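Accompanying notes for the structure given below.
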Amino acid sequence: MKNKFYIIILSIILAGIYWQWWIPGPRVASDFSLLSQDLLKSLAAFPQTWSVGGTEGLGEYASFTLWSWPFNLLLGLLANLNFSFVILERLSIIIPFLFLGSYGIWKLFEYFELSVYARLISILFYLANSYIILVIDGGQLSISLAYALFPLGFLSLEYGIRGNLRKKILSALVISLIGFFDIRFIYVFLLLCFIKFLYEFLFLRLNAWLPWIRSWLKSGLIITAIVLGLNAYWIIIILKFPLSDNFYSYLTESSSTSFISLSHSLLFLSPHWFKNVFGNITQLRFEFILIPILVFLAPLFRPRNRLVGFWLVIALISIFLTKGSSEPFGEFYSWLYSKLLGFSLFRDSSKFFFLTALSYTILIGITVDEIIKKINTSSIRNLFLVILTTYLIFLVSPVWLGKMTGTFSTPSLQKEYEQLNKLILKDNKESNIFWIPTIYPLTSLNNLHPSVEAARLAQKRPFAQAIKGSYETFNFLREANYMGQLFDIANIGYVVYPQLNPKRDNLNSDNIKYYYTFLNQLSHLDWLSRIDSSKVPLLRVKSYQNKFFVTPNTWVVFGSDKIYTESTKSANLALSKNALVFAEEFSSFGKEIDKLPQAKIVLFHKNILDLAASFVENKDLIFPAKFLNHDPDVSRWWKRDTSDFRNWKDFLDDKYGINNQDFDLKGGWAISEGNLELKVESQQITKGKILLARVMESSKSGQVNFYQNNKLIGGITTQKKDDNVRWFEVGILNGDSQINIKTVGSINVINALAVLSLSEWQLYKQKALIYKDKITDFEDAGDAKDDIADVHITYQQINPTKYKVSIKNLKKNATLVFAQYFDDNWRLNSKSPFSVYSLLNGFELDKDGIYELVFTPQEYIPIGLIISAATLLLSIVLLFV
């Protein structure tokens, strides 16, 4: 009876802390936007390997997030039963979070034989601390469910290792559920298991080794097999179609700055508490000091206790990992990040708060349990519990005082965004919505008008190259005279510039002034028009193409995307009439030219040698950047990768006044500042072959010389008035395996080396001359006749990975542009795409017809689903055998 009383009290307290969730209306945050009912219903479908949901209206390869499909499927099924977004976010997320978290801690403490008082205090601490509150407030609700399941996952493992097959299967199912909410936490769980394995091993007697190892091995194999089987539907896809190097680098890009200090980690204080604004770091708060005191009292109350020892080890390791690259020993985290398989998933080290939370919860529970045992009178015990409960509630006071900025607050401007949603939904023509800087969470995401965030689009090449300086991130909208044409081809129909949020934004006079100044500048751009009836600043793009459109002209451009400035000189030069294919965006592009019979060639500040070098095969190319680090090594050389384009452009401009926007063949840049030497070793380097080099010319460069066996092979004078990146013939190699490169000048940059036989090189130069008749100036398109005006295009979207496209009245070869981010896995009647505008997909058309466009990774979904379904069915059968 007394236990029920305490459970009721705990339930009331948690309900009080989470009171905002019981008030009617949507709860949204920066990472959790309002979803329309139609979009929710569409989740009840097979896993889709291409996604246009969320903030990626231009699409993205979705294999790396398909692990969440089971949970999305559940939401979709419930939506089809007419459960609304408002009900679903409570019914399928917050209530399960509170129940599973409470139940998991309760059962774990029951297993540890800790008192009811310890369980109640620990449940309160686990479900109401600065970390998990901010996770929920920020809208990372699937992470909160993984967090709630984590204690049950550990408990199920304990039973599984020592139990029968049924318990091992149950353990695998719970661990799989954690992964369905966020796959990264299976990695965290594996780390916990590994530490447990080592810890138990230290205390084993020799005669117990064999059965212990057999138990762990058997459990590990069964659990791993089931977890892999249940996840086969996406694992097969990502193994067959791995992420590109550049996309993987973007996803796992590390930061040299960690916002979590050792003190934050030790105090279990989230660094962004409580406003949850990225980069706005909370100063250390004295009131949190009691948390580590309660934690580290446990080994004093229970000295030489194995349970305490294990969780103390977990606590210390998690404190160290959670602080990330902050001092002390920050370089160790950086080493783990770059060397340990899978660790690159944790560019944000706050994910290790999971381990801190669980270890602190258990150690605090043990401390409370021991203190309670030493208290003889019920009145003092109750007073102690009241004081401790009050303290924990006080630590999260911003929640129940209504000071939070995300899901723990009532969103502002609800009526204004309801009106905005209605305005946009009246437009039945499919188009994307461009948000500055990010989507406002009250926007009702839908399939007809997907959203694109400026913060993400600014990282794409055509937009990143248009940014001027490093102060304003989105000035490309104002500064680039061709920006309206990029929006035109990208199927962007609207621009939304939400008002400043008083809860999250700094409303100083400068920020307010800048907001209205920039809004006024946008309103006066000739390709935008302000919709005055909208209470949220909304601008319409005056002209934009459909998701599919045909261009009469196709150009293979050797040179940088500065050529975009030419597109504004006449209507016939418009990007919607001219598909630009940047040959130097990729290596060895020359072999693709024959596949584009309709294309003309533009040598934009390049020469016939650059065209010839495009035929050099990948096997004959060496990219020195591949051998360098982002920071200078002992040679003092360093590199920048393709994904670092914007930082690289700003560096050249800010430090050297060099405005270079050349492509890097996807091979990166090797950089020398000063008179330096670099040794390049490769089996490709063979005596008697010719050496070519692609280097940067600029007013701040000087000379790049190439040596073998202390003999000069050849040199390149890189100091020129104008900046450029070009191919040069260096000379004949006189040795094998190694080249020494010596530079003179303030900055010299090498993109690529090519080593090939003289006969091959002569063949490539002759081939380049064959294409001489196709070489022309881009401005010649200004006089070209638009002979595709009568082409009629209709299309049907079967799902995000499959379209039917009908082409009529096509009278000559042309390029079909598909306005989604370029991905080589798209196929139009089995034809591969080529990258147009270094952004979208292009396909060569030669006749009318009905074409089928498919995303090939989707073809492997049924195989994976069969394996996953069979694994689930077998697991269920074995559970009841």
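Descriptive notes on the structure:
- Ranking I13, G53, W69 by how far each Cα lies toward the positive end of the dipole of the range 1-81 (charges on Cβ) leaves I13 at the top.
- Evaluated with a Cβ-only charge set (Lys, Arg +1; Asp, Glu -1), the range 789-858 carries a dipole of roughly 160 debye about its Cα centre, given to the nearest 20.
- When each of K562/K812; K460/K774; K687/K765; K606/K720; K595/K720 is checked by Cα-Cα distance, pairs over 24 Å: K562/K812; K460/K774; K595/K720
- In terms of the mean number of neighbouring beta-carbon atoms within 10 Å, the peptides 334-347, 470-483, 261-274 order highest first as 261-274, 470-483, 334-347.
- The stretch between K679 and Y199 holds 168.2 nm of extra length on full extension. This uses 0.36 nm per residue minus the Cα-Cα distance.
- Relative to the current alpha-carbon distance between H524 and T390, full extension at 0.36 nm per residue lengthens the span by 42.6 nm.
- Positive minus negative residues near I226 (Lys, Arg vs Asp, Glu; Cβ under 14 Å): +4
- Proximity of backbone amide H atoms, modeled 1.01 Å from N, is registered between F329 and no other residue at under 5 Å, excluding neighbours fewer than 5 places apart on the same chain.
- Between 0 and 90°, nearest 10: helix 414-425 axis offset from the chain longest Cα axis: 40
- Whole-Hz couplings from phi, Karplus 6.51/-1.76/1.60, listed for the range 180-190; x for Gly and Pro: 5, 7, 6, 5, 4, 7, 5, 4, 4, 5, 4
- What you get for the chain, charging only the Cβ of Lys and Arg (+1) and of Asp and Glu (-1), is a dipole of about 2420 debye around the Cα centre.
- Diffusion coefficient, µm² s⁻¹, Stokes-Einstein with Kirkwood Rh over alpha-carbon pairs of the range 445-592 at 37 °C and 0.692 mPa s: 190
- 0 to 90° range, to nearest 10: angle between helix 116-127 axis and the chain longest Cα axis: 20
- All lysines inside 30 Å of K415 as judged from Cα atoms, apart from same-chain residues fewer than 8 positions distant: K41, K275, K403, K426, K429, K503, K513, K535, K542
- Cα gyration tensor shape of the range 265-368, rounded if a/c is under 1.5, else prolate or oblate by comparing a/b with b/c: oblate
- Solvent-accessible surface of the chain, taken per residue with a 1.4 Å probe and all protein chains present: 43 Å².
- Span from the the range 818-867 Cα centroid across to the the range 1-45 one, whole angstrom: 40
- FRET efficiency, I775 to K619 (Cβ-Cβ, R0 22 Å, nearest 0.05): 0.20
- Cβ-based charge dipole, the range 533-583, positive-most Cα from G559, P537, A583: P537
- Mean separation of Cα contacts under 8 Å (6+ apart) over length of the chain, as relative contact order %: 13
- For the range 636-779: rounded, prolate or oblate by the Cα gyration tensor [a/c cutoff 1.5]: oblate
- Cα centroid separation, the range 705-739 to the range 315-373: 50 Å.
- Cα pair distances exceeding 48 angstrom across the chain, given as percent: 31
- When each of the peptides 550-556, 408-414, 680-686, 155-161 is scored by the mean number of other C-beta atoms lying within 10 Å of its residues, the order from highest to lowest reads 550-556, 155-161, 408-414, 680-686.
- Amide proton proximity set for V557, modelled H, under 5 Å, gap of 5+: V581, F582, A583, V602
- Between L190 and L500, the modelled label-to-label distance comes to 4.6 nm, taking each label 7 Å out from Cα in the direction of the beta carbon.
- Amide N of the range 292-335 lying under 18 Å from the label point, which is placed 7 angstrom from the Cα of I281 along Cα→Cβ: 319-334
- Computed lengthening from D532 to E113, 0.36 nm per intervening residue step minus Cα-Cα distance: 144.3 nm
- Each Lys and Arg adds +1 at its Cβ and each Asp and Glu adds -1 at its Cβ; summed about the Cα centre, the range 303-403 shows a dipole of about 200 debye.
- Computed from Cα atoms, the angle from the helix 330-339 axis to the main principal axis of the chain rounds to 60 degrees.
- The 3J(HN,Hα) values that the Karplus relation (6.51, -1.76, 1.60; θ = phi - 60°) gives for the range 293-308 are, in residue order, 4, 4, 5, 8, 6, 4, x, 6, 6, 10, x, 6, 9, 5, 4, 4 Hz. Gly and Pro appear as x.
- Ellipticity estimate at 222 nm from DSSP helix runs (n ≥ 4, -39,500 (n - 2.57)) divided over the chain, nearest 500: -12500 deg cm²/dmol
- Using a Förster distance of 25 Å, the FRET efficiency for L221-V313 (Cβ separation, nearest 0.05): 0.45
- Close amide H pairs (under 5 Å, H built 1.01 Å from N) link I775 with I601, residues at least 5 positions away or on another chain.
- Relative frequency of Cα-Cα separations exceeding 20 Å in the range 564-704, percent: 58
- Given charges at Cβ of Lys, Arg, Asp, Glu: the chain dipole, positive-most of Q719, N813, L228: L228
- Normalised by the number of residues in the range 520-672, the mean separation of alpha-carbon contacts (under 8 Å, six or more apart) gives a relative contact order of 21 percent.
- Taking Cβ atoms as reference points and 12 Å as the exclusive limit, the residues near P211 contribute a net charge of +4, counting Lys and Arg as +1 and Asp and Glu as -1.
- Model label sites at S379 and N511, defined 7 Å from Cα along the beta-carbon direction, differ in position by 5.2 nm.
- Alpha-carbon centroids, the range 407-479 and the range 156-176: separation in whole Å: 45
- In nm, spacing of pseudo-spin labels at N428 and V881 (7 Å Cα→C-beta vector): 5.8
- Residue-wise HN-Hα coupling along the range 476-488, computed from phi with Karplus coefficients 6.51, -1.76, 1.60 (Hz; x: Gly, Pro): 4, 5, 8, 7, 8, 5, 9, 4, x, 6, 5, 5, 4
- Relative contact order %, the range 370-453, counting alpha carbon pairs below 8 Å whose residues are six or more apart: 20
- Within-9-Å neighbourhood charge of F645 [Cβ basis; K, R +1; D, E -1]: +1
- When each of the peptides 418-425, 577-584 is scored by the mean number of other C-beta atoms lying within 10 Å of its residues, the order from highest to lowest reads 577-584, 418-425.
- Fraction of accessible area attributable to carbon and sulfur, the chain (%, probe 1.4 Å): 59
- Note on K687/K626: beta-carbon distance plugged into 1/(1 + (r/R0)^6) with R0 of 22 Å gives a FRET efficiency of 0.45.
The values are calculated or read from the model by the stated rules, or taken from the named source; none is laboratory data. From a predicted model like this one, the values you see are computed outputs, not experimental measurements. A quick note on method: Cβ atoms are made from the backbone with ideal geometry, for glycine too, and the neighbour counts reach across all protein chains shown. Accessible surface areas use protein heavy atoms only, side chains included; no ligands, DNA or RNA. Shrake-Rupley method; radii C 1.70, N 1.55, O 1.52, S 1.80 Å.
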